[in-house]
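The values are calculated or read from the model by the stated rules, or taken from the named source; none is laboratory data. As the structure is a computational prediction, the values presented were derived from the model and not from experiment. Neighbour counts are summed over all protein chains in view; Cβ atoms, including those assigned to glycine, are modelled from backbone coordinates with ideal geometry.
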Amino acid sequence: MTKNIAAGYRESDERREFRASTSGMLARLWRNDVLRDFPDSAQGKLAELNADIHRNMALGGILVAEEHGGLGATLEYATVAAEELGAGLAPYDLLGACMSAHMLNVVQASDRDLWLRRIAEEPRPFVFAWPGVDSWWNIRDVTPASVIRDTAWARFTYVPGLVGEPFLAVPAQRDHGFGVTLIDSATAVDRISVTEVPSADTLRAIGHLVLDGVECTYLPVPERAFTEAVMLGAILLSAEMVGAARTCIERMVEYGLLRQQFGQPIVTFQALKHAVVDAAVDFERARASVYRAARRADATSVDGSDGGLGEALMFARIAKASAGTALRSAAKLSIQLHGGTGFTWENLSHRYLKKWVTGNELFGSADAQRRLIYAQAQSQVS
């Protein structure tokens, strides 16, 4: 077995211990080799697998304060968890819980405490209903739910995490003000419609969501909180892709050392060796970008300045673009390096490529993010 390339990354002892405990516990709960027996049509199992990982690891409450039953950690630690989940192709959606927790953390209302505890303790997933194809991350660029008194109507497309009967945190508008609408979908099944959207990555449920007069809890939130929440989700998604890229590289090196041609390991041939190194460089660049974005987002939520938010957005967009590029190159090379077996169902390389296909489009593709990075940089110069 090759040495985990994550071990060479500089990080604090505390974070290294958290990474080791997270990956160790995940290894006991989930083995990605079972994916060979996991058909593309097995969407019904996602809720069960998601709940099992949540019960045993409690990662959903990682950004929830300890007083509400959570772990009380920072985004940087959530990013570590997301990377390990991505590395193992674990069928657990951390994004919705963390995005919802961030929204509730900025709310000044007594009703939020119950919902924070639900995020930390309930086995059912939390979904932050944001259109997955949006790359702008601004509440004014989407159509929020319409709330009259305590009843909500909405239509959202391409929402990630819609599996089972989740709790919903829905961006909403009431009386010309923005807020978040909280819904237990299990109590309103006749008023909620979810249309499953086929996606390449069958381990991430995506669907269109319709609310037709659903009773809800409405909490007003600052407008910038929506941007922060989606930015947070993009960082965690980037970390997942970085973790997946890491595993692709480790698998390539391991196989390349075992597979012999002309009496020597194939990975020692210059063409393959240089290609793997190029993929590793993309990975290291993306990984550094992701953790820089996480630290900047943590600092922004503390200082609360709009200037800080602009810089945090820039870092998050760079992370999303870099992570997409890293996973694409690593997954494609993994299929090629494994030769004929790389194209088969039994080889997991196709799963990592499918993860890139879906993850790259969520919250804006790498190309879309580069255009926005350029536009933001130009506006700062002019």
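In table form, for the structure just shown:
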{"read-out": "Tally, over segment 9-37, of residues that are within 13 Å of Ala81 (Cβ to Cβ), of a type in the set (S, T, N, Q) and touching a residue at least 60 places away in the same chain (Cβ under 8 Å)", "value": "2"}
{"read-out": "Strands (runs of 3 or more DSSP E) wholly inside segment 144-210 that include at least 1 residues being surrounded by fewer than 17 Cβ atoms within 10 Å (Cβ to Cβ) and touching a residue at least 40 places away in the same chain (Cβ under 8 Å)", "value": "151-160, 177-184, 192-196"}
{"read-out": "From Ser365, Ser379, residue being at pLDDT 95 or above and hydroxyl-bearing (Ser, Thr, Tyr)", "value": "Ser365"}
{"read-out": "Filter result for Lys320 (crowded, with 16+ Cβ neighbours inside 10 Å, among the basic types (Lys, Arg) and either in a helix (DSSP H, G or I) or more than 16 Å from the chain's Cα centre (by Cα) (or both))", "value": "yes"}
{"read-out": "In segment 360-371, the residues that are assigned to a helix (DSSP H, G or I) and surrounded by 19 or more Cβ atoms within 10 Å (Cβ to Cβ)", "value": "Asn360, Glu361, Ala366, Ala368, Gln369"}
{"read-out": "First in segment 323-336 and within 13 Å of Arg246 (Cα to Cα), second anywhere and assigned to a helix (DSSP H, G or I) and of a type in the set (S, T, N, Q), Cβ under 6 Å, 6 or more apart", "value": "Ala323/Ser238; Gly324/Asn360; Ser334/Ser349"}
{"read-out": "Evaluation of Phe128 against (1) buried (at least 23 other Cβ atoms within 10 Å of the Cβ); (2) under 21 Å from Ala293 (Cα atoms); (3) among the aromatic types (Phe, Trp, Tyr); (4) out of contact with any Cys (no Cβ under 9 Å at 6 or more places or on another chain) (one fails), failing number", "value": "(4)"}
{"read-out": "Elements of type helices (runs of 4 or more DSSP H) in segment 19-115, at least 3 residues being over 28 Å from Gly179 (Cα atoms) and among the aliphatic types (A, V, I, L, M)", "value": "44-57, 75-87"}
{"read-out": "Residue list for segment 358-382, restricted to those being among the hydroxyl-bearing types (Ser, Thr, Tyr) and in contact with a strand residue (DSSP E or B) (Cβ under 9 Å, 6 or more places away or on another chain)", "value": "Thr358"}
{"read-out": "Flag for Leu313 being surrounded by 15 or more Cβ atoms within 10 Å (Cβ to Cβ), under 30 Å from Val106 (Cβ atoms) and either touching a residue at least 60 places away in the same chain (Cβ under 8 Å) or not basic (Lys, Arg) (or both)", "value": "yes"}
{"read-out": "Out of Arg112, Arg124, sole residue that is touching a Leu at 6+ places or on another chain (Cβ under 8 Å), basic (Lys, Arg) and more than 23 Å from Leu348 (Cβ to Cβ)", "value": "Arg112"}
{"read-out": "Hits in segment 324-359 (condition: surrounded by fewer than 17 Cβ atoms within 10 Å (Cβ to Cβ) and assigned to a helix (DSSP H, G or I))", "value": "Gln336, Gly339, Gly340, Thr341, Phe343, Val357"}
{"read-out": "Residue in segment 157-177 that is on the phi < 0 side of the Ramachandran plot, of a type in the set (D, E, K, R) and modelled with pLDDT under 95 present", "value": "yes"}
{"read-out": "Criterion violated by Gly308 - all others in (1) modelled with pLDDT under 95; (2) under 18 Å from the mean Cα position of the chain (by Cα); (3) within 28 Å of Asn105 (Cα to Cα) satisfied", "value": "(2)"}
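Residues are listed down the side, and each one gets a yes or a no for (1) of a type in the set (Val, Ile, Thr); (2) within 18 Å of Asp134 (Cβ to Cβ):
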{"residue": "Gly308", "(1), (2)": "no, no"}
{"residue": "Ala319", "(1), (2)": "no, yes"}
{"residue": "Ile335", "(1), (2)": "yes, no"}
{"residue": "Arg351", "(1), (2)": "no, no"}
{"residue": "Tyr374", "(1), (2)": "no, no"}
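Quick grid of which residues meet (1) closer than 30 Å to Ala200 by Cβ; (2) buried (at least 24 other Cβ atoms within 10 Å of the Cβ); (3) among the small types (Gly, Ala, Ser); (4) at pLDDT 95 or above:
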{"residue": "Trp30", "(1), (2), (3), (4)": "yes, no, no, no"}
{"residue": "Ala47", "(1), (2), (3), (4)": "yes, no, yes, no"}
{"residue": "Ala51", "(1), (2), (3), (4)": "yes, no, yes, no"}
{"residue": "Leu71", "(1), (2), (3), (4)": "no, no, no, yes"}
{"residue": "Ala82", "(1), (2), (3), (4)": "yes, yes, yes, yes"}
{"residue": "Ala101", "(1), (2), (3), (4)": "yes, yes, yes, yes"}
